[in-house]
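Written below as C-alpha cells is the structure these notes are about.
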C-alpha cells in the first residue's frame, strides 16, 4: 500500500486497505461545503450529473488540435492540478500522474489512434458528457489545459474517487496496469516534487524549454515545407501557361479543322483550370508560410523570455565566441567535423547531424538568400563581413525568416539549420569563401575552434575547452552527498 500525504491544506487523503489485492480507497475529509463554495465561485458544474444538451459549448472541430498548443511550466501545472483536485475532491497527485501518462503534459495530445483528444485524452463522447468550461471562456475545450484537467477531476469524482480512487482510475482507462502505473506515479509525486520532476525529466532544466524547442522545430519544418512547395508550384504554373500559349497559337491557325480547333480549345480550358487551381494552391501555401513564420517568431520570443527566466540553462547551449567569430555550426566536436581539404576551391564541408543549429560566423549583413532549395546550393545564404569577405552557406534544411537580403546579423545569431538540400550527399554545411584567398578551415579564427566546436576528419584534433562565458554554477545537493540520485541541479 502506498500512503498519500496531504493534498492541500483543506484536503486530506487516507489510504484504507480493501478486500481486493491492489485496491486503494481515499476518503476526502475536507468540508463538502467548502468545495461547493469553491465550485460556485468558479461556476463549475457538479460531478453528480453529466452535461445535458446545451449546458456547455464545445469547439467546432473537437478533433482538431490547436496550431499552437499551450505550454505550462511545472509550477503552473502543479498549481492547476491542485486547484482542480480541490474543486472536485480528487487527489491532485493522481491528476498529475494522468496528465503525464495521457499526453506527457500536453506534448502528445493526439488525436490518438482510438480518437482520444487533448491534455487528458478524452474520447469525444465522454467529453460531451463531462467536458468542463473551467476557464470561463464559454467553451469546454479538451485542448485547453485548465478545461481538460478540471474535466478529469470531475470525471474521477463521478466515478467514485471520493471513496475508491483505484476504481475511479480504472473507469478512466479499463486496465489494471493503467491503475497501477497512475497510482505509482502519483505516489512518486506525493513523495516530493523534486523526485517526481526528476523522474519525469522535469528537474533542473525546465521542461518548458524542451517543449518550446520541440514546437519550434515543428514550426520550422512547416516553413521549410512551404519554402519548397511554393517555388515548385510557381514552376508548375509557368509550365501550364506556356503549354496554353502554344496551344493558343495552334488554335489561331485558320487552316485547322473545326474539330481540331474545338479539341485545342478544350485542352486550353483544362490547362487554364489547372493553372487557376495551382495559383490557389500557391496562395494557400503562402498563407501557410506566413502563419509558420509568425509561429516561429512567437516561439522564439517565448524561448528568449524563458532564457531570461533561466539564464544558466540557456547559456549551456549558447555558441561561444573567439576573437569576434562564432563557429557557424552548433553541436560540438563530438558530432561536428571537417577535413582540411575537400574541394578544389576555397570551401569547407562541415559534417553535422540534420537539424543542427547554424549561426552567423561574425557581424555581417545578408547579401543574398536561396530559399527555394533549387540549384546546387539548395537552401542557403551569402553574408558579407565588415572586412568585405563573403561567406556562402549551402544545403540548409531551414532558413530563419529574419534572414533576408539587407538584414544585419550579429555574430552568433541563428540563421538556419543543417540539412542536405541541393546537390548534397548528406547533412552538412557547405561554407564557401570569397574572395578566394584561402580555405575557410585554414583561417586562424576557424582553426581556433578545433577541439572546441568541431573535430578534424583527417588529422589529430587538439583537446581544448571552450572559454567560460562568465556563468558560475554551484552544485546543490541534499544531505552530505550532493551527487546522490540521478539529477544534479545548478544555480547561478
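Computed from the coordinates by the stated procedures, all read-outs in this text should not be read as laboratory data. Quick caveat, the model's predicted, so the values are computed rather than measured. Because the Cβ atoms are built from the backbone with ideal geometry, glycine has one as well, and the counts that use them run over all protein chains shown.
Taking 0.36 nm per residue of separation and subtracting the current Cα-Cα distance, fully stretching the chain between residue 459 and residue 294 would add 55.0 nm. Report note on the peptides 397-403, 89-95: ranked by the mean count of other C-beta atoms within 10 Å, highest first, their order is 89-95, 397-403.
With each label modelled as a point 7 angstrom along the Cα→C-beta vector, the residue 68-residue 251 pair spans 4.7 nm. Annotation: extensible slack from residue 286 through residue 321 equals 8.9 nm (criterion: 0.36 nm per residue apart, minus Cα-Cα distance).
A simple spin-label model places the labels of residue 447 and residue 335 2.9 nm from each other, with each point 7 Å out along Cα-to-Cβ.
With the highest mean first, a sort of the peptides 292-302, 96-106 on other beta-carbon atoms found within 10 angstrom per residue produces 96-106, 292-302. How would you classify segment 87-136 from its alpha-carbon gyration tensor, with a ≥ b ≥ c the square roots of the eigenvalues: rounded for a/c under 1.5, else prolate if a/b is greater than b/c, otherwise oblate? Cα axes put segment 87-136 in the oblate bin.
In this simple spin-label model, placing a label point 7 Å from the Cα along the Cα-to-Cβ direction at both residue 270 and residue 389 gives a separation of 5.8 nm.
Look at the Cα gyration tensor of segment 321-456: its axes a ≥ b ≥ c give a/c under 1.5, and that counts as rounded. Of 179, 169, the sequence from fewest to most neighbouring Cβ atoms within 10 angstrom is 179, 169.
Mean sequence separation of contacting Cα pairs (under 8 Å, at least six apart), scaled by the length of segment 321-456, corresponds to a relative contact order of 33 percent. The residues 446, 170, when put in order of fewest to most other Cβ atoms within 10 Å, stand as 170, 446. Highest-first packing order for the peptide set 143-149, 330-336 is 143-149, 330-336, based on the mean count of other beta carbon atoms within 10 Å.
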